[in-house]
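What follows is a set of notes on a single structure, which appears directly below.
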């Protein structure tokens, strides 16, 4: 019998890896420094309003992966949910992503799809060849008016710097739809867990071979006695930040309440830089199958992540990339540890990708143990 496995972190990565290994006959111990499971997708029912709250900000499940969709539905019924984001810019409300309705409303026109394509092309900056910066990308594809209304101010607030200092890759695709589709995501499967992600993760963790300990910090000496460690905490934290701290953005949430319906949608972005918050989320709209008279909302503020803050978005600019390379090289010298998940690989990951990689990582480990091979150091190379 192989030695038991230690998993650091009871979020999606740790839970899914733990369940796969437990079902394969491995004994699994999972520890987490927080007082709850499910990581940043933890949800809790607000006593005053009865609303199910996304404690660390909204998490909307969307995927094209049939296996992942079947996996989450084995552990929780997913209810239909379509993310329809609105944005307030210069005192008016528009729908996102920028679509035909947004274009016609913003410019006061009644264009059809082909007319709108030609119109936006006439506004775009044709002098930009291959976009280098975020601003280049936006100006090349949508022109200055739409860029300043919907992208510039929001991006400054979200990332704490000028869009000229961000790579074009952050704005990966043409941010315009020439139809009236306002579904924020384009994946085949979209939904919300009926009773929240925390109960879904609890179901994943419910196995006789899994032991979970909360409010338990990890130190490397904890690895003694275990055959392998799967670490989903911060990569730099594993090495006690010996080369310095990788950069993240964090979020502050300003909670407020409302009797009735505050904004009529789940997410309202604020595109102007002079509005200090990036968006307001009204959580009862994330569960449209429920009815609540009272409401709970969060204003979200983005800022640089300090040592005691919850890290959300890896910055991954040139300085961080150089530091990351040092940590990756250091990690590859380790024995019997695999770095997984958003923090362990210093990448922004959607939930479906997190689950996909966790499933693949577990199977890779099982195969390595069977073949007497060394398991990979990274679930996916940073």
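Each reported figure results from applying straightforward, stated rules to the coordinates on display, with no laboratory input. No experiment lies behind these values; they were computed from the predicted model shown. With ideal geometry, Cβ positions are generated from the backbone for all residues, glycine too; neighbour counts draw on all protein chains shown.
For the range 104-142 and the range 149-182, what is the centre-to-centre distance using only Cα atoms, to the nearest Å?
The distance from the Cα centre of the range 104-142 to that of the range 149-182 comes to 13 Å.
Which whole-percent values make up P(r) of the range 1-129 when all C-alpha to C-alpha distances are grouped in 5 Å steps starting at zero?
So the P(r) values, bin by bin, are 2, 7, 10, 12, 13, 11, 10, 8, 9, 7, 5, 3, 1, 0, 0.
Could you work out the helix-only [θ] at 222 nm for the chain, with each DSSP H run of four or more residues adding -39,500 (n - 2.57) and the total divided by the number of residues, to the nearest 500 deg cm²/dmol?
-8500 deg cm²/dmol
Classify the range 77-117: rounded, prolate or oblate, from the alpha-carbon gyration tensor (a ≥ b ≥ c, eigenvalue square roots; a/c under 1.5 rounded; otherwise prolate if a/b is larger than b/c)?
Oblate.
For the range 8-47, build the convex hull from the C-alpha positions and give me its volume per residue in Å³.
78
If you line up the long axis of helix 12-23 against the longest principal axis of the chain, both from Cα atoms, how many degrees apart are they, to the nearest 10?
Helix 12-23 sits at roughly 40 degrees to that axis.
Rounded to the nearest Å, what's the spacing between the alpha carbon centres of the range 205-246 and the range 323-361? Just the number, please.
That distance is 13 Å.
Using just the C-alpha positions of the range 267-345 as equal point scatterers, what log10 of I(q)/I(0) does the Debye formula give at each q in 0.27 1/Å?
-1.29
Would you work out the Kirkwood radius for the range 240-373? I mean one over the mean of 1/r across all pairs of different Cα atoms, in Å.
18.4
Which Rg and Dmax, in Å, describe the Cα atoms of the chain?
22.2, 71
In degrees from 0 to 90, rounded to the nearest 10, what is the angle of the helix 66-75 Cα long axis to the longest principal axis of the chain?
Its long axis makes an angle of about 70 degrees.
Go through 198-205, 331-338 and give me the packing order, highest mean Cβ count within 10 Å leading.
Highest to lowest by the protection proxy: 198-205, 331-338.
Based on Cα positions only, what radius of gyration and what Dmax would you give for the range 259-307, in angstroms?
13.0, 39
Round to the nearest 10 and give me the degree value, 0 to 90, for the angle of helix 318-331's Cα axis relative to the longest principal axis of the chain.
Computed tilt is about 20 degrees.
Using the per-residue mean of other Cβ atoms lying within 10 Å as a proxy for protection, in what order, highest first, do the peptides 55-66, 99-110 fall?
My ranking of the peptides, most packed first, is 55-66, 99-110.
Considering the convex hull of the alpha carbon atoms of the range 96-170, report its projected area averaged over all viewing directions, in nm², one decimal.
Average of the hull's projected areas for the range 96-170 equals 5.0 nm².
How would you rank 240, 32, going from fewest to most other Cβ atoms within 10 Å of each one's own Cβ?
Arranged by neighbour count, lowest to highest, 240, 32 become 240, 32.
Compare the peptides 14-27, 134-147 by average per-residue count of other Cβ atoms within 10 angstrom and give them in order, highest first.
So the peptides 14-27, 134-147, ranked by packing, come out 14-27, 134-147.
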